[in-house]
Structure formats: structure tokens, C-alpha cells
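Chemist: My questions will all concern the structure given below.
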Amino acid sequence: MESREFVAGLVAEMRALFARLGEQGALEAEAQGSVDVVTLLGLALRSELEAAELAGFWMATTPEIDARLVFGRQCGDEMQHYQLICDRLRELGREPEADPLAAGFSPLYHYVKGLRSTVERMAAGPFAREAIAEVRNEQFIALCERLGDGATARLYREVIQPEEILHHRLGREFLERHCTTPAAQEAAAAAARATLAIADELSALAEKSTGMRTIPVS
Ligand SMILES: [Fe+2]
Ligand SMILES: [Fe+2]
């Protein structure tokens, strides 16, 4: 299969999955009442740090220069998001945790960190994880607006979200250039699907602790 056609197929698969998650998000929005922006921003710090660590690790251990450009850029952006969220938490009167990853990394982090080939890393990280970020953050922005927190909604809509969308696009373009063989396509598809499956499980777990799935993702 031609690489662009292959990637378009993966994107369609993700959209179908996200449409289902979107319906769940709407239902939860009606059901919830106790969740607050500060708690969700605290969880977002974990996600940003994990994304930055992965991108930085891959930047240093991936040979292809066009991949290193994507990972290096992403690493810097995610750390910047981390800082912006810390600043916002302080504005809201909450001191951010000194080390949000003190309790350890998520199962998704361990899975994606174990990926060896560049197409797998790109498929799991910028391509799939950042696509999840776009959907989750859209739900989070809507939640902030419903709760009357316009400043947090603006931070996400104007600064963080456009960069998460860029990370996904850079990952997609890389896969379009490099997934030219059946073996590369198989590896990329498996990594993207596993990432989506683990992320879905994690948001189900998050729902148990926070009462909702609209956790912002980096
Ligand atoms: Fe990102
Ligand atoms: Fe981010």
C-alpha cells in the first residue's frame, strides 16, 4: 500500500475510535459535578512531563535527523506547557507538586519507551499520543468554559492545543515519508493501535479516581 494511503487509513481508524470517546465525554459531562480544573491541571503536569521525557529520550537515541527534529521540537514544547500549567495553577492559588512523577510513570510511558524502531516511536508518540491529546484537550477546554474558567480555556485553546496539533501533524508527515514497506506499515500500525488501547484503559482508570475522562493530555 502506498504510504499516504496507509497513514490516511490509520487516521480514519483513530477518528472512528475518537467519535466513540466523544460520545462518552458528552455523557460524563452531564454526570459529573465534583471535578475541578485544579485537580485536572495537576494531572496534566504528569502528562506533559512524560511526553517531554519520551521525546527527549528519542531525540537522543534516534538516528534519523528528520525524526530528531520532530522529537526535539516536541520535547521543548512539552516542557514549556509544563511551565505554563504550573504558572496557571499558581494563579489559581495552588502550588504545583514538586515532582508530579514522584509516584512513577504511567503504563503508557513504559510501553512507548520500549519501542525501538523510529516508525514505531513516531506512530506511538507524535502521531497517536498527540492525536489523543487533541481530543482530550478539546473536551477539557469545553469543561473549563462550562465551569467559568476562561483563562485556563484560553491557555489551552490559544497556546497548548495548537502545539499538540502540530506534534501530531509532524508525526503524520514523518510516517507518510517513511512507511513505504509492508514491514514498516505493520510496525507503525501496531504501535499506534497499542498506544490507543493503553490510553483508553488509562482514561477509564482516571475516570475512577476523578469521576471523568476529560483529563488534559500533552
Ligand atoms: Fe504534545
Ligand atoms: Fe503538551
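Every read-out reported here was derived from the displayed coordinates using simple, explicitly stated rules and does not represent laboratory data. This structure is a prediction, so every number in the text was calculated from the model and none was measured. So basically every Cβ, Gly included, is an ideal-geometry build from the backbone, and we count neighbours across all protein chains shown.
Chemist: Beta carbons within 10 angstrom, averaged per residue: use that to sort the peptides 170-177, 144-151, highest first.
Modeler: 170-177, 144-151
Chemist: Between Glu5 and Asp87, 0.36 nm times their residue separation minus their Cα-Cα distance comes to what? Don't skip to the answer; put the middle values down first.
Modeler: Working: separation 82, 0.36 × 82 = 29.52 nm, distance 4.20 nm.
Length gained, Glu5 through Asp87: 25.3 nm.
Chemist: Order these by the 10 Å Cβ neighbour count, fewest first: Met1, Met122.
Modeler: Ranking Met1, Met122 by Cβ neighbours within 10 Å, fewest first, gives Met1, Met122.
Chemist: Can you list the residues of segment 102-120 with backbone N under 18 Å from a point 7 Å past the Cα of Ala183, pointing along Cα to Cβ?
Modeler: 115-120
Chemist: Can you give me the relative contact order of segment 29-154 as a percent, contacts being Cα pairs under 8 Å and 6 or more apart?
Modeler: Relative contact order, segment 29-154: 27 percent.
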